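**Student:** Okay, here's the structure, questions in a sec.
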Number of protein chains: 2
Amino acid sequence: MTKAVFYHAGCEVCVDAEKMILDYFDRSKVDLEVVHFGEDPSRIREAEAAGVKSVPALVVNGQTYHINYGASMEDVKNG
Amino acid sequence: MTKAVFYHAGCEVCVDAEKMILDYFDRSKVDLEVVHFGEDPSRIREAEAAGVKSVPALVVNGQTYHINYGASMEDVKNG
């Protein structure tokens, strides 16, 4: 099972990307965790270390995929 | 079955995103077509009409998801 983490901040672009991923990813292959920085800011450091520059972003197999553009990590950190 | 089209131009960022999508999308739910503009430039107009600004991009349910950034559509058109 591949572990994937979808990071977002509740923005409209984020919510749309989250729905697409939840709807269409093959959950028999991918263990998908959704992290909302507004609810769990302690995960910001881990995301930045993985190369997340903006949200929404999906990290899978050590690769970071930025999906459209909702907000920068600086915006996220500044609330 | 949901129809999705992944547009790319063979760039390294494109190839990596294509692999992730082919590996992890649930093909029992998504009929996924892969379009390489280098091989089929006639599809450029359709992609731009769908809102594709850069590659790689995935269009599903009328929404366009730009996944990281490989090249602009202007780069694609200029070969």
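Just so you know, all these numbers are worked out from the coordinates, no wet-lab data involved. Predicted, not measured: the structure shown is a model, and the values here were computed from it. Using ideal geometry, Cβ is built from the backbone for each residue, glycine included, and neighbour counts are taken over all protein chains shown.
**Student:** Given q = 0.13, 0.16, 0.17 Å⁻¹, what are the Debye log10 I(q)/I(0) values for the protein assembly as shown, with equal point scatterers placed on the Cα positions and solvent ignored?
**Tutor:** Log10 of I(q)/I(0), two decimals: -0.59, -0.88, -0.98.
**Student:** Tell me the mean residue ellipticity at 222 nm calculated for the protein assembly as shown from its helices only (DSSP H runs of n ≥ 4, each -39500 (n - 2.57), averaged over every residue, nearest 500).
**Tutor:** Computed ellipticity for the protein assembly as shown at 222 nm equals -8000 deg cm²/dmol.
**Student:** Follow-up. Please figure out what share of the DSSP beta bridges in the stretch A:2-77 is antiparallel and state it in percent, rounded to the nearest 5.
**Tutor:** 60 percent
**Student:** Taking H placed 1.01 Å from N in the peptide plane, check which residues at least 5 places from B:Ala71 or on another chain put their amide H under 5 Å from its amide H.
**Tutor:** B:Val55
**Student:** Viscosity 1.567 mPa s, temperature 4 °C: Stokes-Einstein D of the stretch B:2-77 from its Kirkwood Cα radius, in µm² per second?
**Tutor:** Reported coefficient: 107 µm²/s.
**Student:** Show me, for the stretch A:70-79, the HN-Hα J-couplings you get by feeding each phi into the Karplus relation (A = 6.51, B = -1.76, C = 1.60, θ = phi - 60°), rounded to Hz, glycine and proline as x.
**Tutor:** With the stated coefficients, the stretch A:70-79 comes to x, 7, 7, 5, 5, 4, 4, 5, 8, x Hz.
**Student:** With θ taken as phi - 60° and the coefficients 6.51, -1.76 and 1.60, list the Karplus ³J(HN,Hα) couplings across the stretch B:31-48 in order, rounded to whole Hz; mark glycine and proline as x.
**Tutor:** 8, 9, 9, 10, 10, 9, 4, x, 8, 9, x, 5, 8, 4, 4, 4, 5, 4
**Student:** At B:Gly51, with labels set 7 Å past Cα in the Cβ direction, how many nm apart are the copies from this one, shortest first?
**Tutor:** Relative to the other copies, B:Gly51 has label-point distances of 2.6 nm.
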